[in-house]
Amino acid sequence: MSLSADHPDAPLVVVRPHPLCAETPPAALRPAITPAASVYVRSNFPTPVLDDAHQVAVRGAVRAPFAIGVNELAAMPQRTVVATVECAGNWRLGMDPVPIGEPWRYGAVSTAVWTGVPLQRLLERAGVAADAVEVLAVGADTGPRDDAEGVVTFARALPLPVALHPDTLVVTHMGGAPLTPHHGAPVRLLVPGWYGMANVKWLAALELRTVPFTGYFQRQRYVYDTADGVTPVAEARVKSMITSLVDGGRCEARVIVRGWAWSGAGAITRVELSVNGEAWREAQLGPAMSAYAWTPFELALMLPAGVVSLRSRATDAAGDTQPERIEWNRLGYGNNAVRAMTVRVG
Ligand SMILES: Nc1nc2c(c(=O)[nH]1)N[C@H]1C(S)=C(S)[C@@H](COP(=O)(O)O)O[C@H]1N2
Ligand SMILES: [Mo]
(Lines give C-alpha, C1' and ligand atoms only; values in the text may rest on other atoms or scores of the structure.)
(Ligands and ions follow the chains in the order given, each with its own letter.)
Protein backbone atom coordinates (compact mmCIF):
# COMPACT_ATOMS: atom_id res chain seq x y z
CA MET A 1 0.00 0.00 0.00
CA SER A 2 1.26 3.44 -0.88
CA LEU A 3 1.49 5.78 2.08
CA SER A 4 2.76 8.83 0.26
CA ALA A 5 1.33 12.01 1.73
CA ASP A 6 1.78 13.77 -1.60
CA HIS A 7 -0.15 11.40 -3.82
CA PRO A 8 -3.76 12.56 -4.19
CA ASP A 9 -5.06 8.98 -4.38
CA ALA A 10 -3.04 7.58 -1.46
CA PRO A 11 -5.31 5.65 0.94
CA LEU A 12 -3.92 7.54 3.93
CA VAL A 13 -2.48 11.00 4.58
CA VAL A 14 0.67 10.40 6.60
CA VAL A 15 1.16 12.69 9.57
CA ARG A 16 4.23 10.81 10.79
CA PRO A 17 5.70 7.68 9.16
CA HIS A 18 7.38 6.02 12.18
CA PRO A 19 5.52 5.03 14.24
CA LEU A 20 2.71 5.39 11.74
CA CYS A 21 0.22 8.18 12.31
CA ALA A 22 -2.00 8.74 9.29
CA GLU A 23 -5.35 10.36 8.54
CA THR A 24 -8.28 9.25 6.45
CA PRO A 25 -8.18 11.44 3.31
CA PRO A 26 -11.22 13.72 2.71
CA ALA A 27 -12.66 11.58 -0.13
CA ALA A 28 -12.58 8.47 2.07
CA LEU A 29 -14.61 10.30 4.75
CA ARG A 30 -17.67 10.35 2.44
CA PRO A 31 -18.89 6.73 2.62
CA ALA A 32 -20.71 5.50 5.74
CA ILE A 33 -18.10 2.78 6.17
CA THR A 34 -14.55 3.99 5.71
CA PRO A 35 -12.63 1.90 3.13
CA ALA A 36 -10.44 -0.45 5.19
CA ALA A 37 -7.16 0.81 3.68
CA SER A 38 -8.16 4.37 4.62
CA VAL A 39 -9.10 3.83 8.27
CA TYR A 40 -6.87 6.27 10.15
CA VAL A 41 -3.88 4.91 12.09
CA ARG A 42 -2.49 6.19 15.36
CA SER A 43 0.42 4.30 16.90
CA ASN A 44 2.65 5.52 19.71
CA PHE A 45 5.36 2.88 19.25
CA PRO A 46 6.62 0.61 16.47
CA THR A 47 4.08 -2.04 15.50
CA PRO A 48 4.81 -5.24 17.43
CA VAL A 49 4.96 -8.41 15.36
CA LEU A 50 2.61 -10.95 16.92
CA ASP A 51 1.80 -14.31 15.40
CA ASP A 52 -1.23 -16.60 15.69
CA ALA A 53 0.22 -18.15 18.85
CA HIS A 54 -0.26 -14.80 20.61
CA GLN A 55 -2.37 -14.97 23.76
CA VAL A 56 -4.20 -12.43 25.89
CA ALA A 57 -3.67 -12.95 29.62
CA VAL A 58 -6.68 -12.29 31.86
CA ARG A 59 -5.25 -11.72 35.31
CA GLY A 60 -5.16 -9.57 38.43
CA ALA A 61 -8.15 -9.44 40.79
CA VAL A 62 -9.85 -12.56 39.41
CA ARG A 63 -10.71 -16.00 40.78
CA ALA A 64 -9.26 -17.96 37.85
CA PRO A 65 -6.64 -16.26 35.66
CA PHE A 66 -6.21 -17.68 32.15
CA ALA A 67 -4.72 -16.89 28.76
CA ILE A 68 -6.66 -17.06 25.54
CA GLY A 69 -5.54 -17.23 21.92
CA VAL A 70 -7.17 -16.12 18.69
CA ASN A 71 -8.43 -19.60 17.78
CA GLU A 72 -10.20 -19.96 21.10
CA LEU A 73 -11.71 -16.48 20.70
CA ALA A 74 -12.96 -17.48 17.25
CA ALA A 75 -14.75 -20.49 18.75
CA MET A 76 -16.80 -18.24 21.09
CA PRO A 77 -20.07 -16.49 20.09
CA GLN A 78 -19.17 -13.46 17.99
CA ARG A 79 -20.62 -9.99 18.10
CA THR A 80 -20.40 -7.32 15.39
CA VAL A 81 -20.65 -3.59 16.03
CA VAL A 82 -20.47 -0.73 13.51
CA ALA A 83 -18.63 2.07 15.28
CA THR A 84 -17.18 5.45 14.48
CA VAL A 85 -13.82 5.86 16.18
CA GLU A 86 -12.13 9.23 16.57
CA CYS A 87 -8.69 10.03 17.94
CA ALA A 88 -8.92 12.44 20.87
CA GLY A 89 -6.25 14.53 19.14
CA ASN A 90 -8.31 14.95 15.96
CA TRP A 91 -8.36 18.62 14.83
CA ARG A 92 -5.61 19.54 17.27
CA LEU A 93 -4.35 21.84 14.49
CA GLY A 94 -7.52 23.87 14.96
CA MET A 95 -6.49 24.89 18.47
CA ASP A 96 -4.79 28.20 19.07
CA PRO A 97 -1.97 28.06 20.00
CA VAL A 98 -1.46 24.57 18.54
CA PRO A 99 -0.67 22.26 21.49
CA ILE A 100 2.13 19.67 21.52
CA GLY A 101 1.31 16.29 19.98
CA GLU A 102 0.65 14.91 16.51
CA PRO A 103 -0.56 17.71 14.22
CA TRP A 104 -3.87 16.11 13.23
CA ARG A 105 -6.22 17.87 10.88
CA TYR A 106 -9.78 16.49 10.86
CA GLY A 107 -9.19 13.04 9.32
CA ALA A 108 -8.34 11.12 12.49
CA VAL A 109 -11.83 9.62 12.48
CA SER A 110 -13.21 6.56 10.68
CA THR A 111 -16.15 4.18 10.79
CA ALA A 112 -15.67 0.42 10.57
CA VAL A 113 -17.42 -2.88 11.19
CA TRP A 114 -15.77 -4.53 14.19
CA THR A 115 -16.19 -8.19 15.13
CA GLY A 116 -15.06 -10.02 18.22
CA VAL A 117 -16.10 -11.38 21.57
CA PRO A 118 -17.68 -9.26 24.32
CA LEU A 119 -15.02 -8.50 26.94
CA GLN A 120 -17.76 -9.32 29.46
CA ARG A 121 -17.52 -13.02 28.46
CA LEU A 122 -13.81 -13.18 29.30
CA LEU A 123 -14.37 -11.38 32.59
CA GLU A 124 -17.16 -13.82 33.51
CA ARG A 125 -14.88 -16.76 32.79
CA ALA A 126 -12.13 -15.29 34.99
CA GLY A 127 -14.49 -14.45 37.85
CA VAL A 128 -13.98 -10.79 38.74
CA ALA A 129 -13.21 -10.10 42.41
CA ALA A 130 -15.85 -8.12 44.30
CA ASP A 131 -13.43 -5.27 44.97
CA ALA A 132 -12.26 -4.83 41.34
CA VAL A 133 -12.86 -1.31 39.99
CA GLU A 134 -11.30 -1.27 36.56
CA VAL A 135 -9.83 -3.34 33.74
CA LEU A 136 -6.38 -2.35 32.54
CA ALA A 137 -5.88 -3.19 28.87
CA VAL A 138 -2.17 -3.67 28.17
CA GLY A 139 -0.72 -3.54 24.66
CA ALA A 140 2.30 -5.47 23.44
CA ASP A 141 3.95 -2.23 22.20
CA THR A 142 6.59 -0.46 24.24
CA GLY A 143 9.25 2.19 23.89
CA PRO A 144 10.94 5.21 25.42
CA ARG A 145 9.22 8.58 25.84
CA ASP A 146 10.89 11.98 26.16
CA ASP A 147 9.03 12.78 29.35
CA ALA A 148 9.15 9.39 31.09
CA GLU A 149 11.83 7.20 32.57
CA GLY A 150 12.70 3.80 31.13
CA VAL A 151 10.48 1.88 28.78
CA VAL A 152 6.78 2.66 28.66
CA THR A 153 4.04 0.20 27.63
CA PHE A 154 0.81 1.33 26.01
CA ALA A 155 -1.87 0.62 28.63
CA ARG A 156 -5.24 2.18 29.42
CA ALA A 157 -7.73 1.51 32.18
CA LEU A 158 -11.50 1.19 31.71
CA PRO A 159 -14.02 1.55 34.54
CA LEU A 160 -15.55 -1.88 35.26
CA PRO A 161 -19.11 -0.94 34.16
CA VAL A 162 -17.76 0.12 30.74
CA ALA A 163 -15.70 -3.07 30.46
CA LEU A 164 -18.83 -5.11 31.24
CA HIS A 165 -20.97 -3.39 28.59
CA PRO A 166 -22.04 -6.04 26.03
CA ASP A 167 -20.75 -3.91 23.12
CA THR A 168 -17.24 -3.51 24.53
CA LEU A 169 -15.44 -6.06 22.39
CA VAL A 170 -12.20 -7.98 22.22
CA VAL A 171 -11.88 -7.58 18.46
CA THR A 172 -10.15 -9.80 15.92
CA HIS A 173 -11.78 -8.53 12.70
CA MET A 174 -12.32 -5.17 11.02
CA GLY A 175 -14.57 -5.06 7.97
CA GLY A 176 -14.91 -8.84 8.06
CA ALA A 177 -11.17 -9.40 7.63
CA PRO A 178 -8.58 -10.22 10.29
CA LEU A 179 -7.06 -7.07 11.81
CA THR A 180 -4.06 -5.73 9.92
CA PRO A 181 -0.80 -5.13 11.83
CA HIS A 182 -1.34 -1.34 11.95
CA HIS A 183 -4.82 -1.79 13.44
CA GLY A 184 -3.69 -4.13 16.21
CA ALA A 185 -3.38 -7.67 14.80
CA PRO A 186 -4.26 -10.18 15.99
CA VAL A 187 -6.45 -8.76 18.77
CA ARG A 188 -7.48 -5.36 20.16
CA LEU A 189 -10.22 -3.70 22.18
CA LEU A 190 -13.19 -1.72 20.91
CA VAL A 191 -14.98 0.58 23.34
CA PRO A 192 -17.83 2.12 21.33
CA GLY A 193 -18.43 5.78 22.07
CA TRP A 194 -15.04 6.40 23.61
CA TYR A 195 -12.20 8.26 21.96
CA GLY A 196 -9.70 6.01 20.18
CA MET A 197 -7.12 5.62 22.96
CA ALA A 198 -9.45 3.21 24.82
CA ASN A 199 -9.25 0.74 21.92
CA VAL A 200 -5.95 -0.82 22.96
CA LYS A 201 -4.27 -2.54 19.99
CA TRP A 202 -2.01 -5.64 20.10
CA LEU A 203 -3.80 -6.62 23.29
CA ALA A 204 -1.48 -8.61 25.55
CA ALA A 205 -3.26 -8.54 28.92
CA LEU A 206 -6.50 -7.62 30.65
CA GLU A 207 -5.70 -6.91 34.26
CA LEU A 208 -8.43 -6.49 36.88
CA ARG A 209 -7.44 -3.78 39.34
CA THR A 210 -8.67 -2.82 42.78
CA VAL A 211 -6.96 0.58 42.70
CA PRO A 212 -7.02 3.01 39.76
CA PHE A 213 -4.15 2.80 37.30
CA THR A 214 -1.81 5.81 37.17
CA GLY A 215 0.54 4.83 34.31
CA TYR A 216 1.93 7.12 31.63
CA PHE A 217 -0.94 6.82 29.12
CA GLN A 218 -3.51 7.22 31.90
CA ARG A 219 -2.14 10.31 33.68
CA GLN A 220 0.40 11.95 31.38
CA ARG A 221 -1.24 11.40 28.00
CA TYR A 222 -4.89 11.16 26.93
CA VAL A 223 -5.86 13.49 29.75
CA TYR A 224 -7.53 16.88 29.67
CA ASP A 225 -4.79 18.94 31.28
CA THR A 226 -6.27 22.31 32.24
CA ALA A 227 -5.92 24.85 35.02
CA ASP A 228 -8.47 22.74 36.94
CA GLY A 229 -6.25 19.63 36.92
CA VAL A 230 -5.91 16.42 34.95
CA THR A 231 -8.86 14.24 33.85
CA PRO A 232 -8.52 11.09 31.73
CA VAL A 233 -10.12 11.46 28.28
CA ALA A 234 -13.16 9.18 27.93
CA GLU A 235 -16.28 9.44 25.70
CA ALA A 236 -16.07 11.24 22.37
CA ARG A 237 -17.55 14.73 22.37
CA VAL A 238 -20.34 15.66 19.97
CA LYS A 239 -19.00 16.68 16.56
CA SER A 240 -19.93 17.11 12.90
CA MET A 241 -18.12 17.33 9.60
CA ILE A 242 -19.19 18.40 6.10
CA THR A 243 -17.84 15.85 3.64
CA SER A 244 -19.62 16.60 0.34
CA LEU A 245 -17.54 19.73 -0.29
CA VAL A 246 -13.78 20.10 -0.38
CA ASP A 247 -12.32 22.72 1.96
CA GLY A 248 -10.75 25.36 -0.28
CA GLY A 249 -12.41 23.85 -3.35
CA ARG A 250 -15.11 25.05 -5.75
CA CYS A 251 -18.80 24.25 -6.01
CA GLU A 252 -22.00 25.24 -7.79
CA ALA A 253 -24.37 27.75 -6.19
CA ARG A 254 -27.05 25.07 -5.85
CA VAL A 255 -25.64 22.36 -3.62
CA ILE A 256 -26.73 19.62 -1.32
CA VAL A 257 -24.41 19.81 1.65
CA ARG A 258 -23.82 16.43 3.26
CA GLY A 259 -21.76 15.14 6.14
CA TRP A 260 -21.61 13.16 9.36
CA ALA A 261 -22.29 13.87 13.02
CA TRP A 262 -21.39 11.67 15.99
CA SER A 263 -21.14 11.69 19.78
CA GLY A 264 -20.11 9.28 22.48
CA ALA A 265 -22.89 10.61 24.70
CA GLY A 266 -25.85 9.43 22.63
CA ALA A 267 -27.73 9.80 19.38
CA ILE A 268 -27.44 12.91 17.25
CA THR A 269 -30.66 14.91 17.58
CA ARG A 270 -29.90 18.00 15.45
CA VAL A 271 -27.40 19.29 12.91
CA GLU A 272 -27.48 22.91 11.76
CA LEU A 273 -25.59 24.67 8.98
CA SER A 274 -24.57 28.29 8.72
CA VAL A 275 -23.46 30.12 5.58
CA ASN A 276 -21.14 33.10 6.04
CA GLY A 277 -21.93 33.27 9.75
CA GLU A 278 -25.65 33.80 9.13
CA ALA A 279 -28.52 32.16 11.06
CA TRP A 280 -28.28 28.41 11.68
CA ARG A 281 -30.54 26.29 9.45
CA GLU A 282 -31.55 22.80 10.46
CA ALA A 283 -30.35 19.95 8.24
CA GLN A 284 -32.18 16.66 7.68
CA LEU A 285 -30.82 13.65 9.51
CA GLY A 286 -30.66 10.19 7.99
CA PRO A 287 -30.49 6.88 9.80
CA ALA A 288 -27.17 5.92 11.40
CA MET A 289 -25.90 2.39 10.74
CA SER A 290 -25.82 1.73 14.49
CA ALA A 291 -26.07 3.48 17.82
CA TYR A 292 -22.27 3.97 17.65
CA ALA A 293 -21.91 5.00 14.02
CA TRP A 294 -22.05 8.54 12.68
CA THR A 295 -25.39 9.99 11.57
CA PRO A 296 -25.72 11.39 8.04
CA PHE A 297 -27.11 14.91 7.52
CA GLU A 298 -27.97 16.89 4.42
CA LEU A 299 -29.38 20.25 3.46
CA ALA A 300 -30.05 21.76 0.03
CA LEU A 301 -28.67 25.30 -0.17
CA MET A 302 -28.40 28.16 -2.67
CA LEU A 303 -25.02 29.67 -1.97
CA PRO A 304 -24.09 33.28 -2.75
CA ALA A 305 -21.32 33.89 -5.30
CA GLY A 306 -17.72 34.34 -4.19
CA VAL A 307 -15.81 32.75 -1.36
CA VAL A 308 -18.29 31.28 1.10
CA SER A 309 -17.74 30.05 4.64
CA LEU A 310 -19.75 27.00 5.73
CA ARG A 311 -20.10 25.65 9.23
CA SER A 312 -21.95 22.68 10.75
CA ARG A 313 -23.01 22.25 14.35
CA ALA A 314 -24.36 19.06 15.96
CA THR A 315 -26.37 18.43 19.12
CA ASP A 316 -26.74 15.04 20.83
CA ALA A 317 -29.37 13.35 22.99
CA ALA A 318 -27.49 14.40 26.13
CA GLY A 319 -28.22 18.01 25.09
CA ASP A 320 -24.61 18.84 24.26
CA THR A 321 -23.96 21.11 21.28
CA GLN A 322 -20.62 21.73 19.59
CA PRO A 323 -19.12 24.91 21.08
CA GLU A 324 -18.08 27.95 19.04
CA ARG A 325 -14.69 27.87 20.73
CA ILE A 326 -12.87 25.05 22.47
CA GLU A 327 -11.51 25.33 25.96
CA TRP A 328 -7.78 25.08 25.27
CA ASN A 329 -6.01 22.21 27.02
CA ARG A 330 -2.28 21.62 27.17
CA LEU A 331 -2.23 18.36 25.20
CA GLY A 332 -4.83 19.39 22.64
CA TYR A 333 -7.56 16.78 23.09
CA GLY A 334 -11.27 16.84 22.42
CA ASN A 335 -11.41 19.75 19.97
CA ASN A 336 -15.05 19.53 18.90
CA ALA A 337 -15.49 23.25 18.22
CA VAL A 338 -17.53 24.26 15.18
CA ARG A 339 -15.14 24.29 12.22
CA ALA A 340 -15.49 26.60 9.22
CA MET A 341 -14.69 25.49 5.68
CA THR A 342 -14.48 27.77 2.68
CA VAL A 343 -15.58 27.10 -0.87
CA ARG A 344 -15.49 29.24 -3.99
CA VAL A 345 -18.95 29.32 -5.52
CA GLY A 346 -19.45 29.44 -9.30
N1 LIG B 1 -1.34 -0.72 21.94
C2 LIG B 1 -1.74 0.47 21.47
N3 LIG B 1 -3.05 0.68 21.33
C4 LIG B 1 -3.49 1.86 20.86
C5 LIG B 1 -2.61 2.92 20.54
C6 LIG B 1 -1.22 2.65 20.67
O7 LIG B 1 -0.36 3.50 20.40
N8 LIG B 1 -0.83 1.42 21.15
N9 LIG B 1 -3.09 4.11 20.10
C10 LIG B 1 -4.46 4.43 20.52
C11 LIG B 1 -5.01 5.60 19.90
S12 LIG B 1 -4.49 7.09 20.51
C13 LIG B 1 -5.97 5.54 18.92
S14 LIG B 1 -6.70 6.93 18.33
C15 LIG B 1 -6.38 4.24 18.36
C16 LIG B 1 -6.19 4.21 16.86
O17 LIG B 1 -6.56 2.97 16.35
P18 LIG B 1 -6.25 2.67 14.80
O19 LIG B 1 -4.79 2.96 14.56
O20 LIG B 1 -6.62 1.27 14.55
O21 LIG B 1 -7.13 3.61 14.01
O22 LIG B 1 -5.63 3.17 18.90
C23 LIG B 1 -5.40 3.26 20.27
N24 LIG B 1 -4.82 2.02 20.72
MO1 LIG C 1 -5.79 8.74 19.53
Revision key, fill the gap. Sorting Val246, Met289, Leu331 by the position of each Cα along the dipole of the stretch 206-345 (Lys, Arg +1; Asp, Glu -1; all at Cβ), the one nearest the positive end of that ordering is Val246
Point to revise | Probe 1.4 Å, protein heavy atoms only - accessible area per residue of the stretch 239-345 in square angstrom | key: 47 Å²
Check your understanding: For the chain, what % of the accessible area comes from carbon and sulfur atoms, probe 1.4 Å?
Key -> 54 percent
Review point. Given H placed on each backbone N at 1.01 Å, which residues far from Ala267 in sequence or on other chains put an amide H within less than 5 Å of it?
Key: Ala317
Exercise for review: Mind ranking 154-167, 256-269 by how tightly packed they are, going by the mean number of other C-beta atoms within 10 angstrom, highest first?
Suggested key: 256-269, 154-167
Practice item. Rounded to the nearest Å, what's the spacing between the alpha carbon centres of the stretch 114-139 and the stretch 39-73? Just the number, please. Key: 12 Å
Check your understanding: Residue by residue through the stretch 171-178, which ³J(HN,Hα) values in whole Hz follow from phi under the Karplus form 6.51 cos²θ - 1.76 cosθ + 1.60 (θ = phi - 60°), with glycine and proline marked x?
Key -> 9, 10, 10, 10, x, x, 10, x
Review point. Quick one: Cα convex hull volume of the chain, Å³ per residue?
Key: 140 Å³
Point to revise | Distant-in-sequence amide H partners of Arg145 (H built 1.01 Å from N, under 5 Å) | key: Val152
Revision key, fill the gap. Summing -39500 (n - 2.57) over every DSSP H run of at least 4 in the chain, dividing by its residue total and rounding to the nearest 500, the 222 nm mean residue ellipticity is -1000 deg cm²/dmol
Point to revise | the stretch 13-232 - accessible surface per residue (Å², probe 1.4 Å) | key: 40 Å²
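The values are calculated or read from the model by the stated rules, or taken from the named source; none is laboratory data. Treat the numbers as computed from the prediction; the structure is a model and nothing was measured. Positions of Cβ are backbone-derived with ideal geometry, glycine not excepted, and every protein chain shown enters the neighbour counts. What goes into the accessible areas is simple: the full protein's heavy atoms, side chains included, and nothing from ligands, DNA or RNA. Shrake-Rupley method; radii C 1.70, N 1.55, O 1.52, S 1.80 Å.
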